[in-house]
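Structure first, commentary second.
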Amino acid sequence: MASGTALIYDEEMTTHKLLWSDPICDIEVPERLSSSYEQLRSYHLVERCVHVPAREGSEEEILLVHSLEHLEVAKSTQTMNEEELKRVSENYDAFFFHPSTYRCARLAVGATLQLVDAVMSGKVRNGMALVRPPGHHSQRNAANGFCLFNNVAIAAEYAKLKYGLQRILIVDWDVHHGQGTQYIFEEDPSVLYFSWHRYEHQEFWPSLKESDYDAVGLGKGKGFNINLPWNKVGMGNSDYLAAFFHVLLPTAFEFDPELVIVSSGYDSGIGDPEGQMNATPEVFAHLTHFLMQLANGKLCVILEGGYHLKSLGESVCMTVKTLLGDPVPQVSGEMAPCLSAVESIQNVRAAHKPYWKWLAYEDTSFLQNLSTKSHFLKTANSNPSTEHESKITNNNDTVKVDRFLELHMKNILFPVPPIKTATTGCEGSEHFLSEHVQLVKEMDKTEVEALVSGFYADLVKDNKTLLSLGSMFVILDKILKKEVCNGIATSPTAALSAAVALRHSVRLGFQRVLCVFVGDMQMIPNTEDGKMLIINICEKEQSGKTSCKHYFSLNWKEDAEGNDFFSAVLGFILPVAYSYQPNLTVIAVGPNRNLGISGISLLVALIQGLAESRIFAVIEDTEISLMQNVAKLLVGASTPAFGIYVPPTQEKVNRIKALRDQFQQEWKMLQCSVKEGI
Ligand SMILES: CC(O)(O)NCCCCN
Ligand SMILES: [Zn+2]
C-alpha cells in the first residue's frame, strides 16, 4: 500500500518575473513560491515529505496539449530584450514574458509530471507541486491569465497515455475559471473537470458566458464539465463545503476516478485581492481530506493562483498537513451557506441532472419544462441578510489580513497527538498494530465497578459487559486528553457500550458528541440538551422514536449489488454533522447491521474531518473483519476501498430529501435548493 507525500519545489521557478509596470500582472510575484516553501519549513512539513526533484517538461509532453506554434513563440522569447518581451506579451490577455519564463514554464510542466509519476508508480500515496507560472488559463494556442503551459491539462493527457487511465478527475478550486482546461477537455468524457469561480453573473474576469453553470461539456463530453459560479464575493467555508457535499463529491464518487488532480489555487481563500472571498485556510484541509478518499488516495495537488502571501502560505500548509495524514482542524465560521451559493448549487445540480445517476431522482421540478437558462434561478440582488458578513472589511488591507490570520491559525492549529489510535488489544487487532497504534491496558475491575455502579448502573445490568467498558473508558480518557487521535474497541453489546460512552463523554466535558449508530440501537439516550446528536442507521424505524433535531433514524437497507450509501453520507450525514460541529464523534456498529462493510468504511473515512478527527469506534465483537477495516482507516494504514458504486434508488433519495426538507432550517448545511417563493 503506497504511503508518503511528495513535495516538489525548485527555486529556479522564482526567476520568472514582471519587468515592467502592469497592474493586472504585478500580483504574480516570485515570492508566492518562496514564501509558501518557507511557511512549509516553518511548520516542519518539508522534512516530513518525500522530496521529488522537478525536471523540464519535454517539447513532446507540451505538445500533448499545445500547438507547435504556441511552443515556438514561447521558446523564441528566451533571447528577447525587454522591448520585444513586452510586445509579445501584449498578444495575450494578462500574461507577461521574462527571458526565463520559458525555462520556468517547462520546469512547472516537468514538476507536475514528476508528481504524477511518483503517485502512479506507488513511490508515494499523494503529493503537492509548488509551481509557477500557473497553468489553468492557458489554451492550446495561447497564454492567458499568468499561465503559459497548462500544467494540469498536460498531466491528465500524460497520465492517460503513460498509464492507460480512462477516468481522471480535475478539481479546480482556484477562484478563477480555468477556461483553458475546460476548452481542452470539454468533449472528453475521460476527464471530469470541476471548477468553482468568482463570476458575478459574468462581470468578473475572464467574463465568459461559457463559465456559467450551463456549460456542461460538448458531444461525448456532456456532463463531464461542471462549472459552479459564485455570483457574489465573500463566499466562505460553509459555501465551499456545501458545494462539495451537494455537487462535487456525489458526482466524483459516481465517476470513480483512477487519479485526482487538483488545480490548487488559493486565491479562493480569505484576504486574496483577486478572490475577495472569506474562506479560511483550514477549509483546504477538509477539501483535501475529501479528495483523498477517491482513486485509492492517488491525489496530485498542483499550485495555480494565490496572491496574498500569508493566506497562500497558510492554505498550502493546511493542504500538505492533510496530505500527510494529520488530523483535520475544526472548520471555523457559521455552517450556513448563503442564498446565492445555494442558488448556484441548485442550478448546477439541475443542469447536470440528465448526466448523472445520483441526480436522477432529485426533483428539479421547478425547471420541468424550461429549456433556456433564463428560467434558472437568478438573484439579481439577494437581500443583504443572505450575505455573509465579511470578516475583513476589505481584502486589500494586507496587514489587517496578516494579523487576522496570525490569530486565526493559532486557534486552529493544535498539537498532533503522538499516537494515532488506541485499541483494546481485542481479537483481530494484531492485524493493524504499528507504531501509530497503542494497546491500552484494562482499567482495573474495582475502578470500573465504581464508575459503572453509580452513574451508569441503570444501563449496565451484568458483569460480562463490565470489563469491556473498562478499556473503553481508558480509550475515551486518552482521546479527551489528546494523548491519541482516535480509538477503537469491541464489545459484546455495542449498543450498551455506545450508550455508556456517550454519557461518559458528556460527563468528561465533551459538549457536542456526534453518535452514528449502525444497526439496532436498542437504548436511545435523551438528546434534549443538545449535547449529543444521534444518527441511527437502522433497518426499520425504532419503535415509536421519530426523528427530531438531535435524533435521526435513517432507515437503510444495504444494497446487494454494492455500496449505495454515498448519497446518505454526502447528502445527509455530513451536512448535519458539519452543521452540528461536534467535538467528539462516536461510531458504533451493533448487532444485525444493515450496512455493508464498504458503506461503513465510507462513513468512517469521510467523518474523520470532524471534531479534529477525534473518533471513538465501538464494534460488536462478532464483527472481526469490520473492526479491522475500521481500525486500518483510523490508523490511516489503508487507502479507502468503498466497493462497487451503486446509485441510490428513488425510494432512498426521497427518504433523504424528506429529512432534508424537514431539518434544513435547523441544520443549514443540508440546504441545496431554494424553496420557491422565498
Ligand atoms: C492562475 C490564476 O487563476 O490565479 N490567474 C488569474 C489571472 C487574473 C487576471 N486578471
Ligand atoms: Zn486564480
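The values are calculated or read from the model by the stated rules, or taken from the named source; none is laboratory data. Not measured: the values here are computed from a predicted model. Counting neighbours? That spans all protein chains shown, and the Cβs are built from the backbone with ideal geometry, glycine included. Calculation scope for accessible area: heavy atoms of the full protein, side chains included, ligands and nucleic acids excluded. Shrake-Rupley method; radii C 1.70, N 1.55, O 1.52, S 1.80 Å.
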| query | Do any strands (runs of 3 or more DSSP E) entirely within the range 464-551 hold 1 or more residues that are hydroxyl-bearing (Ser, Thr, Tyr), in contact (Cβ under 8 Å) with a residue 60 or more places away in the chain and open to solvent by 30 Å² or more (accessible area, probe 1.4 Å), and if so, which? | reply | none
| query | Pairs under 7 Å by beta carbon, first residue touching a residue at least 40 places away in the same chain (Cβ under 8 Å) in the range 273-299, partner acidic (Asp, Glu) and open to solvent by 10 Å² or more (accessible area, probe 1.4 Å), six or more apart or different chains? | reply | 295/258
| message | Of all residues being open to solvent by less than 60 Å² (accessible area, probe 1.4 Å) and among the aliphatic types (A, V, I, L, M) in the range 1-18, which is nearest to residue 295 (Cα to Cα)? Just the residue, please. | response | 2
| query | Scanning for something in contact with a Leu (Cβ under 8 Å, 6 or more places away or on another chain) and within 16 Å of ligand 1 (Cβ to nearest atom), does the range 274-297 turn up at least one residue? | reply | no
| Which ones in the range 36-58 are farther than 20 Å from residue 306 by Cα and open to solvent by 40 Å² or more (accessible area, probe 1.4 Å)? | 44, 47, 48, 50, 51, 53, 55, 56
| From the list 338, 317, which residue is over 30 Å from residue 28 (Cα atoms), of a type outside the set (Gly, Ala, Ser), modelled with pLDDT of 95 or more and more than 16 Å from ligand 2 (Cβ to nearest atom)? | 338
| query | In the set 311, 340, which member is touching a residue at least 60 places away in the same chain (Cβ under 8 Å) and within 16 Å of ligand 1 (Cβ to nearest atom)? | reply | 311
| When you go through (1) without any contact (Cβ under 8 Å) to a residue 24 or more places away in the chain; (2) over 39 Å from the mean Cα position of the chain (by Cα); (3) open to solvent by 40 Å² or more (accessible area, probe 1.4 Å) one by one for residue 430, which number turns out not to apply? | (2)
| Out of the residues in the range 19-35 that are away from ligand 2 (no atom under 15 Å from the Cβ), open to solvent by 40 Å² or more (accessible area, probe 1.4 Å) and in contact (Cβ under 8 Å) with a residue 24 or more places away in the chain, which is farthest from residue 96 (Cα to Cα)? | 31
| said: On the basis of being touching a residue at least 24 places away in the same chain (Cβ under 8 Å), under 29 Å from residue 9 (Cα atoms) and either open to solvent by less than 10 Å² (accessible area, probe 1.4 Å) or not hydrophobic (A, V, I, L, M, F, W, C) (or both), does residue 254 make the cut? | reply: no
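Residues are listed down the side, and each one gets a yes or a no for (1) open to solvent by 20 Å² or more (accessible area, probe 1.4 Å); (2) under 30 Å from residue 420 (Cβ atoms):
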{"residue": "586", "(1), (2)": "no, yes"}
{"residue": "597", "(1), (2)": "yes, yes"}
{"residue": "609", "(1), (2)": "no, yes"}
{"residue": "622", "(1), (2)": "yes, yes"}
{"residue": "644", "(1), (2)": "yes, yes"}
{"residue": "651", "(1), (2)": "yes, no"}
{"residue": "659", "(1), (2)": "no, no"}
{"residue": "663", "(1), (2)": "no, no"}
{"residue": "672", "(1), (2)": "no, no"}
